[in-house]
Amino acid sequence: MSHIGAVGQTMAAPEQKPFHDPLARGFPPTLEGRLLFWLAIAFSLFQIMTAAHIIALPSQVVRGFHVGFLLLLTFPLIAATRDAGPLVKALAWGLAGLGFGVAIYQFVQYATLILRAGDPTTLDLVVGVIALGTLFVGAWLIMGPALPIICGAFLAYCLFGQYLPAPLNHRGYAFEQIVDHMAYGTEGIYGIPVLVSSTYIFLFILFGAFLERAGMIKLFTDVSLGLVGHSQGGAAKVAVISSGLMGTISGSGVANVVTTGQFTIPLMKRFGYRAAFAGGVEATSSMGAQLMPPVMGAVAFIMAETLGVEYIEIVKAAIIPASLYFASAFWMVHLEAGRQGLYGLPRDELPSPLKALKQQWFLLLPLVALLFLLFSGYTPLFAGTIGLALTVLLILGGSVALRLPSRVIRIIFWVGLGLVAAAFLQFGTAIIIAAVLALIALNALHQGGRETLALCRDSLAEGARTALPVGIACAIVGIIIGTMTLTGMANTFGQFIVHVGEQNLFLSLVLTMVTCLLLGMGIPTVPNYIITATIAGPALLQLGVPLIVSHMFVFYFGILADLTPPVALACFAAAPIARESGLKISLEAIKIATAGFVIPFMAVFTPALMLQDGGVLSNEIGFAPAVIYVVAKAVLAIGLWGAAVVGFLHHRMALGERIAGAAAAALLVAALPWTDTVGFALAASVIAWHVMAARRARQPVSNDG
């Protein structure tokens, strides 16, 4: 058990920062930087105390302070990390003060604001304009222009949409009504996205920050290397597995690229993969991690809240498609390795996965507890709070255990701490809080413990810093939702898609896909989903697509927008690591991520792929047989498409084989009454053709005559 104390040493490892992040330099080593550092800690502590109900505040006030803290940190931190001059720094602190002042105003005026809802005073309007203005500026600084421009266009539509031609116009709304709708209540910037950001998302970001500092990345990488590093294409398979595992605790696909990618991309290049392909594998795997339960880039929680369904229903719908996505990526790198003749690393150069698990198995305990609580019906807020608390207990307990005199006493200590941690099911969070406070006191008594406390403190600050772009994004996309609820704009777009879908559902789906790819360009996971689901989701529902399937459809293509040109954010994040053009990486990523483009269409025609009732097949043969059938068909389609794209199966494929394989895969996806029969027959023909061609290729050439 004593190896748990090694957490303190592991946590000291430097963390890779996203290169595109304007806050990547963290907190500068100045007096101003220390002030911002402690403000970030205060932000994290506020979120933890409200989540654990140590502080009881109305939801509207918590949301207001959440956005206030985001703005309070964003402006001066960006100015400090960019080494701005005194005038710019003064302006940054002024904007930060205004942003946080809005939160104080909402706290002080909470009751009276409710009483005069819909009839704002002049001061209310001034504060509302300040809230919107500071939010737009903050979003532009921290995420670039794409999202603020899109949200600004929606706000402009509220103000001037009455001048547009029908059917795009609306009846017109007063300036006061728009400001009141957007800056107060729960329809605008303090809507469901900020509710989820201020509860689930922030806690899960903290949870991931503590686990990463405790050595989770190294554990995932060692296990992946040990399992598949020796196989054909082993280096790329390591990237697929480690990125998928990181996705279970990470909320950002692009952040995944520049954390796991720092190791996997150079490894793949050293292994013999082309730079563009190596970057494409990492980008595809990291973005796919946003589709992998339990966190799903925090979208799982927002989707559950938006649809009013249990969290477990979202996970159930996501598990098979996510598994197929990673199986497809795994298959593509296997075929590419076969085509290039790339084989695995010697086993004696690889870490032992069993040894890695034996040394660091304890890091999995908080993750296991988190999954247990989520699947047991507890709310994500409660599960995230307990998961974070257990991680802290492990880190602090490890430091204390190192100083206990004998192995027996250490075992007794860990058993006792485990019983205390388990007691929360009976006695609530109070006993966990008491245990954390006791361990903090014990660690404060010796030098090593104080170092561990300092690292925990740093994790609190780092978690708050990491949450800034996600939180700001959640706030500003509230303007899009507010526009929809105020003007009914979604109905106009939805009616168009429904009209097309009445004639041809497939064409309607393609139109929705293109819309999601365009709207999702360069936008983080959470606002990406909110935008696409708000605009396109209701239209698919009207066309008879099941509720969860319609939202998963737009979510998938919103995610894939980060792989498609011209923006391809994940690919350009991989570019400096791979030392290759982001556009070339993007083209490779699209090929590798083929399953991501195919699976949503299959799920619409056969909802059983997402474990949802409905669909012709399910009604004809029953739910369970339909699931087995559609999964088998999807695996075959993905296998054929991968072979056709790479041009390799058992050996190199001729052009005719590749065309026939792609056609068979397309027929299996189409889900029309006749396409499955033809698709299976063509698939069998392609496989037989390839087997015979392989046999002929192996036959020695005769020298007779």
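Of all residues in region 131-180, those satisfying the criterion of being of a type in the set (A, V, I, L, M, F, W, C), modelled with pLDDT under 90 and over 30 Å from LEU77 (Cα atoms) are LEU164, ALA166, LEU168.
Using the structure shown, decide if GLU15 is at pLDDT below 90 and part of a helix (DSSP H, G or I).
No: the conditions fail for GLU15.
Scanning region 393-434 for residues that are of a type outside the set (Ser, Thr, Tyr), closer than 21 Å to GLY208 by Cα and open to solvent by less than 20 Å² (accessible area, probe 1.4 Å) turns up LEU393, ILE395, LEU396, GLY397, GLY398, ALA421, ILE432. Checked against (1) at pLDDT below 85; (2) under 22 Å from ALA660 (Cα atoms); (3) surrounded by fewer than 21 Cβ atoms within 10 Å (Cβ to Cβ); (4) β-branched (Val, Ile, Thr), VAL635 passes all but condition (1).
Every listed requirement among (1) within 15 Å of GLY133 (Cα to Cα); (2) in contact with a helix residue (DSSP H, G or I) (Cβ under 6 Å, 6 or more places away or on another chain); (3) of a type in the set (Asp, Glu) is met by GLU187 save one, (1). Taking ALA570 and the conditions (1) in a helix (DSSP H, G or I); (2) within 19 Å of the chain's Cα centre (by Cα); (3) within 17 Å of LEU509 (Cβ to Cβ), which numbered condition does it fall short on, given that it satisfies the others? Tallying (1) in a helix (DSSP H, G or I); (2) within 19 Å of the chain's Cα centre (by Cα); (3) within 17 Å of LEU509 (Cβ to Cβ), ALA570 fails exactly one: (3).
Say whether the condition of being touching a Phe, Trp or Tyr at 6+ places or on another chain (Cβ under 9 Å) and open to solvent by less than 20 Å² (accessible area, probe 1.4 Å) is met by at least one residue in region 615-628. Please lay out each step first, then the result.
Step one: filter region 615-628 for residues touching a Phe, Trp or Tyr at 6+ places or on another chain (Cβ under 9 Å), giving 615-617, 621.
Applying the additional criterion that residues be open to solvent by less than 20 Å² (accessible area, probe 1.4 Å) yields none.
No, that holds for no residue.
TRP689: open to solvent by 20 Å² or more (accessible area, probe 1.4 Å) and within 30 Å of the chain's Cα centre (by Cα), yes or no? Against the criterion (open to solvent by 20 Å² or more (accessible area, probe 1.4 Å) and within 30 Å of the chain's Cα centre (by Cα)), TRP689 does not qualify.
Yes or no, residue by residue, for (1) surrounded by 14 or more Cβ atoms within 10 Å (Cβ to Cβ); (2) of a type in the set (Asp, Glu); (3) within 18 Å of VAL194 (Cα to Cα):
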{"position": "PRO58", "(1), (2), (3)": "no, no, yes"}
{"position": "VAL61", "(1), (2), (3)": "yes, no, yes"}
{"position": "PHE65", "(1), (2), (3)": "yes, no, yes"}
{"position": "PHE75", "(1), (2), (3)": "yes, no, no"}
{"position": "ALA79", "(1), (2), (3)": "yes, no, no"}
{"position": "GLY118", "(1), (2), (3)": "no, no, no"}
{"position": "MET143", "(1), (2), (3)": "yes, no, yes"}
{"position": "PRO148", "(1), (2), (3)": "yes, no, yes"}
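The residue of region 120-136 that is nearest to the chain's Cα centre (by Cα), among those that are open to solvent by 20 Å² or more (accessible area, probe 1.4 Å) and free of Cβ contacts under 8 Å to residues at least 60 places away in the same chain, is GLY133. Residue count for region 182-211 under the criterion of being assigned to a helix (DSSP H, G or I) and surrounded by fewer than 23 Cβ atoms within 10 Å (Cβ to Cβ): the result is 2. Taking region 347-368 as the range and being in contact (Cβ under 8 Å) with a residue 40 or more places away in the chain and either touching a helix residue (DSSP H, G or I) at 6+ places or on another chain (Cβ under 7 Å) or under 15 Å from PHE424 (Cα atoms) (or both) as the test, the residues that pass are LEU350, PRO351, SER352, PRO353, ALA356, LEU357, GLN359, GLN360, PHE362, LEU363, PRO366.
Give the number of residues within region 439-455 that are open to solvent by 50 Å² or more (accessible area, probe 1.4 Å) and either under 31 Å from the mean Cα position of the chain (by Cα) or of a type in the set (A, V, I, L, M) (or both).
To start, the set of residues in region 439-455 that are open to solvent by 50 Å² or more (accessible area, probe 1.4 Å) comprises 440-442, 445, 447, 450-451.
Subsequent filtering for residues that are either under 31 Å from the mean Cα position of the chain (by Cα) or of a type in the set (A, V, I, L, M) (or both) retains 440-442, 445.
So the answer is 4.
Listed conditions (1) surrounded by fewer than 16 Cβ atoms within 10 Å (Cβ to Cβ); (2) at pLDDT below 95; (3) within 23 Å of PRO193 (Cβ to Cβ) are all met by ALA52, apart from (1). Considering every residue within region 661-671, establish whether at least one is closer than 22 Å to LYS316 by Cβ and either free of Cβ contacts under 8 Å to residues at least 24 places away in the same chain or open to solvent by less than 60 Å² (accessible area, probe 1.4 Å) (or both). Checking region 661-671: at least one residue is closer than 22 Å to LYS316 by Cβ and either free of Cβ contacts under 8 Å to residues at least 24 places away in the same chain or open to solvent by less than 60 Å² (accessible area, probe 1.4 Å) (or both). When we screen VAL510, VAL514 for residues that are open to solvent by 30 Å² or more (accessible area, probe 1.4 Å) and closer than 22 Å to ILE149 by Cβ, the only hit is VAL514. Kindly indicate whether GLU336 is at pLDDT below 90 and buried (at least 22 other Cβ atoms within 10 Å of the Cβ). So GLU336 passes the test. Could you please find all residues in region 74-95 being more than 16 Å from LEU31 (Cβ to Cβ) and part of a helix (DSSP H, G or I)? Scanning region 74-95 gives THR74, PHE75, ILE78, LEU87, VAL88, LEU91, GLY94, LEU95.
The values are calculated or read from the model by the stated rules, or taken from the named source; none is laboratory data. Owing to the predicted nature of the structure, the values given are computational and were not obtained by experimental measurement. No Cβ is skipped: glycine too gets one built from the backbone with ideal geometry, and neighbour counts run over all protein chains shown. Side chains are part of the model used for accessible areas, which takes the heavy atoms of the whole protein and leaves out ligands, DNA and RNA. Shrake-Rupley method; radii C 1.70, N 1.55, O 1.52, S 1.80 Å.
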